[in-house]
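Remarks on the structure that follows.
The values are calculated or read from the model by the stated rules, or taken from the named source; none is laboratory data. If you're wondering where the values come from, they're calculated on a predicted model, not measured in any experiment. Glycine also receives a Cβ, built like all others from the backbone with ideal geometry; neighbour counts cover every protein chain displayed.
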Amino acid sequence: MAAEKLGAAPAPATDPEKTKQTAWNRFKKHKPSLVGIVVIFVLILVAVFAPLIAPADPAKQELFMRLAKPGTPFPEQWGSGSFILGSDYLGRDLLSRLIYGSRISLLVGFVAQLVILSIGVPLGAIAGYYGGKVDKVIMRIADIMFAFPDLLFAIGIMFALGAGIINLFIALGVVGWAGMARLVRGQVLQLKERDYVEAARGAGARDWWIIIRHILPNALGPIIVSVTLGIPGAIMSEASLSFLGLGVRPPTATWGAMILDGQSYLRRAPLVSVIPGIAIMITVLAFNLVGDGLRDAFDPRANKKA
Amino acid sequence: MLAYIVRRLLAGIPVLIGVSLITFILMNVVPGDPVTAAFEKRADLETIARIRHEMGLDRPLVIQYVEFVGKAAVGNLGNSFRSRLPVADSIAGALPMTGRLAASAMSVALLIGVPFGVAAALRKNSWVDYMSAVTTLSFISAPVFWIAIIAQLIFGLTLDLFPMSGYEGPIYLVLPATVLGSRYAASIARYTRASMLEVLNQDYVRTARAKGVAERLVIWKHALKNALVPLLTVIGLEFGGLLTGSILTESVFGLPGIGRLTIQAIQYRDFPMIEGTVLFTAVVFVLANMLVDISYSLVDPRIRMA
């Protein structure tokens, strides 16, 4: 108890290790985040072991079993088991598609953030560190990116490139990098005036070394928060694009496309649309909870405001 | 004041140029040749060449772009591949629908979001606060097109209270506006709560209370008035989401607005129509953000200094 109180004392924690620890302590107390972490962990397990868990092949059709009610036994040639959640309009097993759908959602969530990181961090760091013309050019381009509503921009790109998962990564990266660049630029602007950066420069360190070794590690908190909150955004974008027929190509099972598939059969088989939406909601919620917890942990001042 | 407005408007010009350039590149450069892409299966090479020539697509891209911007500036967005009618006319025809949807959704959002946010702030950490937090987070985490389908399922199919799709009168707007609005009500409730909590700690609120102003007046007159200022930004930020949300909502409910126009154009690979609707939506978004900035500076004079 006493140690905790000392840790929260107004003395500024300049040692990054110490900041990390107190951030972790704050994060641990944020119970909804821990629930979020458990949910994400389970989702990752489901995605990785999908072939072992799924009762059937998610693409296998059985047209005699279209829109089967939950609990209907599988056709004989599929072996034992049943359509636990029913089947869709092509007689595919809903549960199996739901399980495989988690792969696309998580993959898109993570890879889109990787693309955003690999474009946004260098550009933001360069803009912030060097300033001047480079900064102006990069930030003007970023402004233009912000001028498009996200989904509309993604729709335009996906239309131009055509549906497909690689194109989806490109589209979400192009749409999202500007936000990351802005964030990193702001951090670098603040941090480059710090004494230890001056010291490193005085000692003859090169610019890229200073950026990578001295500046970025101290900007890690906000970047991690932004990535965590960006994952659900990407998952939602993928779902929306797939729902509009502009995401991953069918017959790949994705939650957004499953909702689209079920839309025409709401009366006969409402579950086909309802269930994948619940999956999206739980996944997005889990990441949002973790992101909120991380934000509060890294920036206690923001916590007071909220 | 006027100087600020002029400066803000001028700053928008490069952004608008960038927006038009990106739209042009997406529709004309990335996919190769739009005419070939659209008519490949329906026309022979000679016809394609003739259409290309008529549309001026055999000229250098720079000239095409300049002409595209020049024409767009006077409201000429070319003719639809599909209906052969001017794109601008179709947009003008669809605009009132989207306007009605956006306006009614925003009203729903404010009518639900602000009272919930205030209630949550006044009873911080009570069950009202927690329930409102859980509800808002769930709504933020669910895809709007899925909420739309659930609403159709419950209020259209099962209870038969409201029409499920199409537009023949205001009653057709009830479900779409509530669905789209509830999504933003969630964001607005969150921000209102945060903003309200901050304001309630301010000196002038304490002064008002100290001098014996009735609690009801303190909250609704002194606190809420000031708490609503940051909400302007939220409305501006969420406006893009509202625009793209209306694309998804319109497509689920079959409302003949700009969003459905865009989606139909995508299905038919109607390039001029997509180019027109994407450009139009992006320009509206830019202008809306400008308007928010300017109105913000009217409400809060400190902004102008920055």
Check your understanding: Here are some residues: B:Arg193, B:Arg209, B:Arg269. Which one is more than 27 Å from B:Pro86 (Cβ to Cβ), in contact with a helix residue (DSSP H, G or I) (Cβ under 9 Å, 6 or more places away or on another chain) and facing chain A (nearest Cβ under 10 Å)?
Key -> B:Arg193
**Study point:** The listed residue being of a type in the set (Gly, Ala, Ser), within 10 Å of chain B (Cβ to nearest Cβ) and in contact (Cβ under 8 Å) with a residue 12 or more places away in the chain, out of A:Gly262, A:Gly291
**Key:** A:Gly262
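Taking A:Ile155 as the residue in question, decide whether it is among the β-branched types (Val, Ile, Thr), at the interface with chain B (Cβ under 10 Å from one of its Cβ atoms) and either surrounded by 21 or more Cβ atoms within 10 Å (Cβ to Cβ) or out of contact with any Leu (no Cβ under 9 Å at 6 or more places or on another chain) (or both). First the steps, then the outcome.
Working: among the β-branched types (Val, Ile, Thr): yes; at the interface with chain B (Cβ under 10 Å from one of its Cβ atoms): yes; either surrounded by 21 or more Cβ atoms within 10 Å (Cβ to Cβ) or out of contact with any Leu (no Cβ under 9 Å at 6 or more places or on another chain) (or both): yes.
Spelling it out, A:Ile155 is indeed among the β-branched types (Val, Ile, Thr), at the interface with chain B (Cβ under 10 Å from one of its Cβ atoms) and either surrounded by 21 or more Cβ atoms within 10 Å (Cβ to Cβ) or out of contact with any Leu (no Cβ under 9 Å at 6 or more places or on another chain) (or both).
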Review point. Tell me, which helices (runs of 4 or more DSSP H) lie completely within segment B:77-179 with 3 or more residues that are without any contact (Cβ under 8 Å) to a residue 40 or more places away in the chain and closer than 27 Å to A:Ser264 by Cβ?
Key: B:144-151
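Pick from B:Leu157, B:Leu228, B:Leu232, B:Leu200: which is surrounded by 16 or more Cβ atoms within 10 Å (Cβ to Cβ) and within 14 Å of another protein chain (Cβ to nearest Cβ)? Can you show your working first?
Values: B:Leu157 fails: surrounded by 16 or more Cβ atoms within 10 Å (Cβ to Cβ); B:Leu228 fails: within 14 Å of another protein chain (Cβ to nearest Cβ); B:Leu232 fails: within 14 Å of another protein chain (Cβ to nearest Cβ).
Being surrounded by 16 or more Cβ atoms within 10 Å (Cβ to Cβ) and within 14 Å of another protein chain (Cβ to nearest Cβ) holds for just one of B:Leu157, B:Leu228, B:Leu232, B:Leu200, which is B:Leu200.
Working only within segment A:228-243, note down all residues that are closer than 13 Å to A:Asn288 by Cβ and either touching a strand residue (DSSP E or B) at 6+ places or on another chain (Cβ under 6 Å) or not small (Gly, Ala, Ser) (or both).
If the condition is that a residue be closer than 13 Å to A:Asn288 by Cβ and either touching a strand residue (DSSP E or B) at 6+ places or on another chain (Cβ under 6 Å) or not small (Gly, Ala, Ser) (or both), then A:Thr228, A:Leu229, A:Ile231, A:Pro232, A:Ile235, A:Met236 are the ones that fit.
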Check your understanding: Which one of these does A:Thr252 not meet: (1) in contact with a Phe, Trp or Tyr (Cβ under 6 Å, 6 or more places away or on another chain); (2) under 24 Å from A:Asp57 (Cβ atoms)?
Key -> (1)
Practice item. Could you list, in sequence order, all residues of segment B:8-36 that are farther than 20 Å from B:Val62 by Cα and either modelled with pLDDT of 85 or more or at the interface with chain A (Cβ under 8 Å from one of its Cβ atoms) (or both)? Key: B:Leu10
Check your understanding: Yes or no: B:Ala109 surrounded by 20 or more Cβ atoms within 10 Å (Cβ to Cβ) and away from chain A (no Cβ under 13 Å)?
Key -> yes
Practice item. Confirm whether B:Glu198 is at pLDDT 80 or above, over 30 Å from B:Ala120 (Cβ atoms) and part of a helix (DSSP H, G or I). Key: no
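When you scan segment B:245-274, how many residues do you find that are over 13 Å from A:Gly156 (Cβ atoms), touching a residue at least 60 places away in the same chain (Cβ under 8 Å) and not hydroxyl-bearing (Ser, Thr, Tyr)?
Filtering segment B:245-274 for residues over 13 Å from A:Gly156 (Cβ atoms) gives B:245-246, B:248-261, B:264, B:267-270, B:272.
Pick out the ones that are also touching a residue at least 60 places away in the same chain (Cβ under 8 Å) and you get B:245-246, B:248-261, B:268-270, B:272.
After this cut, where a residue has to be not hydroxyl-bearing (Ser, Thr, Tyr) as well, the list is B:245, B:248, B:250, B:252-261, B:269-270, B:272.
Residues that pass the stated criteria total 16.
How about segment A:221-306: which helices (runs of 4 or more DSSP H) wholly inside it have at least 2 residues that are at pLDDT 90 or above? Give the steps one after another, and end with the answer.
Numbers: elements: A:255-263, A:271-298, A:300-305.
It comes to A:255-263, A:271-298.
Within segment A:1-19, track down each residue that is at pLDDT 50 or above and in contact with a Gly (Cβ under 9 Å, 6 or more places away or on another chain).
As a first pass, look at segment A:1-19 and keep what is at pLDDT 50 or above: A:14-19.
Correct list: A:Lys18, A:Thr19.
With respect to B:Gly70, is the statement that it is more than 12 Å from chain A (Cβ to nearest Cβ) and more than 30 Å from B:Val218 (Cβ to Cβ) true? Spell out the reasoning first.
Details: more than 12 Å from chain A (Cβ to nearest Cβ): yes; more than 30 Å from B:Val218 (Cβ to Cβ): yes.
Yes: the conditions hold for B:Gly70.
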Check your understanding: Regarding A:Ile84, is this residue within 30 Å of A:Ser264 (Cα to Cα) and either β-branched (Val, Ile, Thr) or touching a His at 6+ places or on another chain (Cβ under 6 Å) (or both)?
Key -> yes
Exercise for review: Restrict the check to segment A:236-243 and report whether at least one residue is surrounded by fewer than 20 Cβ atoms within 10 Å (Cβ to Cβ) and either within 14 Å of chain B (Cβ to nearest Cβ) or of a type outside the set (Ser, Thr, Tyr) (or both).
Suggested key: no
Review point. Within segment B:42-93, restricting attention to residues that are closer than 20 Å to B:Ile266 by Cα and exposed (fewer than 12 other Cβ atoms within 10 Å of the Cβ), which residue is nearest to the chain's Cα centre (by Cα)?
Key: B:Arg84
